[in-house]
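Here's the structure we're looking at; comments come further down.
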Amino acid sequence: MTTPPNAATTTGTDRDTILRADGVTMRFGGLTAVRGVDLTVGSGEIVGLIGPNGAGKTTFFNCLTGLYVPTEGTVSYRGTRLSRKPHLVTQAGVARTFQNIRLFANMTVLENVLVGRHTRTKEGLWSALLRGPGFKKAERTSEQRAMELLEFTGLAHKRDHLARNLPYGEQRKLEIARALASEPGLLLLDEPTAGMNPQETRATQDLVLAIRAQGTAVLVIEHDMRFIFNLCDRVAVLVQGQKLIEGTADVVQADDRVIAAYLGTPLDDDTPDAPHTAPPTDTDGTPADGTPAADPAPDATAPADPPAQGHTGDTP
Amino acid sequence: MTTDTTTTPARGLLPLPERTARLTTAAGALVTALSTGLAWTWSSDFPGDLTYNLSPAGLQLITLFGGLLTLLLATSALGTRGLRWLTPAGRNAPTLLAALATFAATWFTLIAIAVQLGGLINLEPGGLLAGLASLLTLLAALALPPDTPGDTPPTGPWQRFTAALAPTPLRRRTRELPAWAEILTIAAAFAAGLLAFTYGIDTDDGAPFVGYLLFMVLAVPALHRAGLTARLTALTRTHRGVALGAAFLAAACFPFTQDTDQYTIIGANILIFATVALGLNVVVGLAGLLDLGYVAFLGVGAYAAALVSGSAESALGLHFPFWAALLTGAAASLVFGVLIGAPTLRLRGDYLAIVTLGFGEIFRIAMLNLNGTTGPDITNGAMGIPNIPNLEIFGFNFGETHTVLGIPLATYGNYYLLMILVTAFVVLVFRRAAASRIGRAWIAIREDETAAIAMGINSFRLRLLAFALGAALAGLAGTVHAHVVTTATPEQFQFAGPQPPNSAFLLAAVILGGMGTLSGPLVGAALLFLIPAKLDFLQDYQLLLFGIALVLLMRFRPEGLIPDRRKQLEFHETGQLDVPDQRLPDTDATLGATQAKA
């Protein structure tokens, strides 16, 4: 995977950080979907992002890729602040897949990947109309590169099929191939194994490892815990828009609050004022300003100002 | 009608042994064809003069052709050596359709004679023979079993009828032909197409054209069911350049088949309309932007050309040479395209449609008001800019009649040939733009804009590019349009009206023909121009019938006449995988995978 020349960044970090999100907050009117999330991804790292449904994971992804402009906070990639235009984010080297597959359904498999090459080719309309040698060379290179990616993901034999006709698992693979075609330094995968059977999940796991082996860092959202803990160097847990904890698989797995966030707390703990006793600090310096509610109520409204307003209605 | 379905499920509508039915069909078709050698009526009052023995004329020619076609298809279905290539897919469905087409055309003629001349007494024995023979052919063809016996034997007569018409996939790969033979086949097919189309243009308005239309509506599906169109499509795909060349050559031959200018003007107008439709196809078909005011760009081109082409009424009083006027028209449209597009293309879908609709009206009303009283005098208001002089290129005056190869080419013939060049240019632009990085990006935006943006496509810029390119192509056609009609008035460029080109007809041409394809809008535009022009005699009912025809077509063939492979799958969800049977012969693989549909 080729990387842009500004790989050696000046922002002093312990590791070679390629993505740095600082205090990303996303508000939709009164609803704060993501609140002050910090996250870094080092080069060649696989980072997992987990959390219950509605925790703001996909919103955070959209903030990273420019589909949403974060209300507060900055996202920088290799030391430069990322643009707020999604197509420039891709150009800079951050590619993504979508939670609900968004292929170009009526284009062939090969065409899908060729569209992914868009930012890495320059040929404009004039070049297309005049069909000079440069155009032909670029098209040939693009097609070669696309075919390599299809080989890599095991879809080469389906190059002329329409994307809509691929089975589900292959559609997911094709989406990854399409994202890889933009030669990203960081790949964001939004639930790559949703709806897959165990074999397919394992295949995806191998694919992600192979992508990392080529030098691309991966940030992955997933609900499949085995997948996450097998794969990721670090895992961040997002609950109600806030980062609860970040650490290695063992640390995260052992954390009570993570278990509570996923499974809920036992009933006898769930006294009306229990959710709002703020834990002092997190193990690895997560800001402790906001308090993730320990019950799994899907209420993500800002719990900030009137702290006395508890989650009434759960338990008397 | 029998309902005896238990013993032989694969049976036709009527109880006849298969071989008998087939032989009867062939014999009936032969007699039908021969009957056109006799007089059908005694009076030459009926259009086409069907009074001669041994000299078929007018509508008799259609019956003659239909009878021969049915005969050929039926004998091919019998397995006759040397004719089997005619039916590579279905055997009986095409025979039935051809028999139906012949029957419809023949009986339409006979009824029209009886009605127009006042009574059955006006039919000569020849006409009665034709009617009986075509009826016999049809009945025998109805006894033919369906090509593909379905899982469940059809129950009622109607189900049996539709089962008999069901399409069959290509049975086998026919013998590989040498390349020259394939090219000859393509040339012959295009020549036949030209002949059929020319015949349609040349038929008189009224009954003869209705007969022609009736026949074509049924005969073309017959060829389709026989698998001939599929074979031809495969051939044109292998020889795409040759096919395009042959198509343009055939089209260029058209004015040489005409003695007068009466029909070449229709040809020239069809080409203008088709070129604009192809430009619109960039916007609607490729980039997926619904533009309801597209005719305004044709108007901008026409007005720009009118102003600089030396009309005495032009406010500018300029007289540019043709190439400069052409560039002016295209550039003016381009500028307007960008001006309209830049603020509006951030809108999506319906909103954009409304804005473009508004722009179309603004253009027309602005042209009306720039008349010296309600605004500066530029366009001469409702009177328009008249007396646009004929073009003159290198001393070749388009207004004069030139004799080429002994055939006189009058004004519209000249413009027709010029438009062929313009259309060829637009076709080239469309093909090359579609099969490139830009074209792929357009299609990606059409398919899923969010995903396209996430793939690094600057959707606003590319949409603007599509909008501007479409506008410039329309402006190009508008320049010639101004010279052909010699006047530029605001009323030519409406949203909707009984005569093309207007925005509604343009959009209909694109959708009817097949969005995103190359030949679709050309065919759609040709039909949409020709049919209203020929059905003029219906007067008030013209648009009503036309509208009903459009509704029916969209109901039963929403992907258009010449569908994009993508669209066909989109509208007819069959659940089966679209497995490409043979790898598309990518001889020019460098053109990218977005095959421009030939």
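The values are calculated or read from the model by the stated rules, or taken from the named source; none is laboratory data. Values in this document were obtained by computation on a predicted structure and should not be read as measured data. Here the Cβ positions follow ideal geometry from the backbone for every residue, glycine too, while neighbour counts run over all protein chains shown. Heads up: the accessible areas ignore ligands, DNA and RNA and are worked out on the full protein's heavy atoms, side chains in. Shrake-Rupley method; radii C 1.70, N 1.55, O 1.52, S 1.80 Å.
Some values worked out for this structure:
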{"item": "0 to 90° range, to nearest 10: angle between helix B:349-369 axis and chain B longest Cα axis", "result": "60 degrees"}
{"item": "Accessible area of the protein assembly as shown divided out per residue, in Å², using a probe of 1.4 angstrom", "result": "42 Å²"}
{"item": "Principal axis dimensions, largest first and in whole angstrom, of region B:39-99 by Cα", "result": "43, 19, 12"}
{"item": "Amide hydrogen neighbours beyond the local backbone of A:Val218, cut-off 5 Å, H modeled", "result": "A:Glu45, A:Ile46, A:Val47, A:Leu187"}
{"item": "D (Stokes-Einstein, µm²/s), Kirkwood Cα radius, the protein assembly as shown, 1.002 mPa s at 20 °C", "result": "67 µm²/s"}
{"item": "Carbon plus sulfur fraction of accessible area for the protein assembly as shown, probe 1.4 Å, in percent", "result": "63 percent"}
{"item": "Rounded to the nearest 20 debye, dipole of chain B from Cβ charges on Lys, Arg, Asp, Glu", "result": "2080 debye"}
{"item": "Positive-end residue of A:Thr141, A:Ala181, A:Thr193, charge dipole of region A:127-238 with Cβ unit charges", "result": "A:Thr141"}
{"item": "Relative contact order of region B:473-566, defined on C-alpha pairs under 8 angstrom at six or more residues apart (%)", "result": "26 percent"}
{"item": "Shielding by partners, peptide A:112-124 (average Cβ within 10 angstrom, other chains)", "result": "5"}
{"item": "Charge dipole magnitude, Cβ of K and R +1, D and E -1 - the protein assembly as shown, Cα centre, debye nearest 20", "result": "2640 debye"}
{"item": "Occluded residues from region B:425-448, i.e. those whose accessible area drops by 50 Å² or more once the chain is not alone (1.4 Å probe)", "result": "B:Arg432, B:Arg437, B:Arg440, B:Glu447, B:Asp448"}
{"item": "Chain B, Cα convex hull volume normalised per residue, Å³", "result": "178 Å³"}
{"item": "0 to 90° range, to nearest 10: angle between helix B:179-202 axis and chain B longest Cα axis", "result": "80 degrees"}
{"item": "Solvent-accessible area of A:Tyr168 with every protein chain in place, 1.4 Å probe, in Å² to the nearest 10", "result": "100 Å²"}
{"item": "About the Cα centre, charge dipole magnitude for region A:20-112 (Lys/Arg +1, Asp/Glu -1 at Cβ), debye", "result": "180 debye"}
{"item": "Cα-based Rg / Dmax (Å) for region B:257-380", "result": "16.5, 52"}
{"item": "Zero-based 5 Å bins, Cα pair distances in region B:91-133, whole percents", "result": "5, 24, 25, 19, 11, 8, 5, 2, 0"}
{"item": "Per principal axis, descending, Cα span of region A:96-210 in whole Å", "result": "50, 29, 22"}
{"item": "Hull-based mean projected area of region A:56-157, where the convex hull spans the alpha carbons, in square nanometres", "result": "8.7 nm²"}
{"item": "Crossing angle, helix B:437-447 versus chain B [Cα axis fit, 0-90 degrees, rounded to tens]", "result": "70 degrees"}
{"item": "Percentage relative contact order, chain B, counting C-alpha pairs under 8 Å, at least six apart", "result": "16 percent"}
{"item": "Volume in Å³ per residue [convex hull over Cα atoms, computed for region B:170-269]", "result": "104 Å³"}
{"item": "Accessible-area value, A:Lys122, 1.4 Å probe, nucleic acids and ligands omitted, Å²", "result": "150 Å²"}
{"item": "Protection-proxy order for peptides B:88-98, B:17-27, each taking the mean of Cβ atoms within 10 Å per residue, highest first", "result": "B:88-98, B:17-27"}
{"item": "Over region B:346-433 - Rg/Rh using Cα atoms and the Kirkwood inverse-distance radius", "result": "1.16"}
{"item": "Unit charges at the beta carbon, dipole of region B:54-213: most positive-side option, B:Leu138, B:Gly200, B:Ile113", "result": "B:Leu138"}
{"item": "Chain pair B, A: total accessible area buried, heavy atoms, 1.4 Å probe, Å²", "result": "4000 Å²"}
{"item": "With all protein chains modelled, accessible area of A:Asp16 [1.4 Å, Å²]", "result": "80 Å²"}
{"item": "Inter-chain shielding of A:97-105 (mean C-beta neighbours from other protein chains, 10 Å cut-off)", "result": "4"}
{"item": "Among B:325-333, B:443-451, the order from most to least packed when residues are scored by Cβ within 10 Å on average", "result": "B:325-333, B:443-451"}
{"item": "Ordering of B:359-372, B:492-505 by burial proxy (mean other Cβ atoms within 10 Å per residue, highest first)", "result": "B:492-505, B:359-372"}
